[in-house]
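Quick notes on the structure that follows.
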Amino acid sequence: MLLKPKNMQNNWNLERANEILATFPPNRSELIKALHALQDKHPQYYLPDEVLDLVAKHFKLTKAQVYGVVSYYSMFSTKPRGKYIVRVCQSPVCHSMGSETLFDFIEKEWDLKPGNTTPDGKITLEKTECLGRCGKAPSMMVNETVYTDLSPEKLKEIWSNLT
Ligand code: FES
């Protein structure tokens, strides 16, 4: 099984960010969609500081307001991310079914803590809220693929496919 890595586009620059932004009317109801579009198009799947400036200008908001939105939602990041984003659910059901054990296992096996990226830029580990798969907890998502019924053994197998 080969997981699809994030689309590593190399044509990203501030001009490109402005073009993307221009496709959204400057209504606040469009803010989240615009942030998603900007993040999706960035080769490191994050929102750099200078992009937050552009967004604030476009939506006539302060940068603090934009930052407030970005930091509220766990799917947004202001730090560069790896080719694979591993999001382990930390919501109550997954937590009670052992997601903390998975974080401990990942740290022990691969020396990776939530919020960090491996030195080779390949894998970013994050905590996430409920993925809607509570019936098969604990769950996690790798880029767009959800995995359930996780155990350290299953995690190891999935990890070995992140190439
Ligand atoms: S609590 Fe983890 S998927 Fe719902």
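A few remarks follow.
- The chain - share of DSSP beta bridges that are antiparallel (%, nearest 5): 55
- Pairwise Cα distances in the chain exceed 18 Å for 61 percent of all pairs.
- With K and R counted +1 and D and E -1, the other residues having a Cβ less than 13 Å from that of C130 yield a net charge of +3.
- Sites count as exposed loop sites when they are trypsin sites (Lys or Arg not before Pro), lie in a DSSP loop, and have at most 13 other Cβ atoms within 10 angstrom; the longest stretch of the chain without one is 61-121.
- Within the chain, helix-based [θ] at 222 nm, where runs of 4 or more DSSP H residues each add -39,500 (n - 2.57), nearest 500: -12000 deg cm²/dmol
- Max-minus-min Cα coordinates of segment 40-98 on each principal axis give 44, 24, 13 Å, with the largest extent listed first.
- When the P(r) of segment 14-72 is calculated, the portion above 19 Å amounts to 14% of the C-alpha pairs.
- Entries in K41/K154; K79/K108; K57/K113; K41/K113; K83/K136; K41/K127 that, when Cα-Cα distance is taken, lie over 29 Å: K41/K154; K57/K113
Since every read-out is calculated from the coordinates, none of them should be taken as a lab result. Everything numeric in this text was worked out from a predicted model, so none of it was measured. Glycine also receives a Cβ, built like all others from the backbone with ideal geometry; neighbour counts cover every protein chain displayed.
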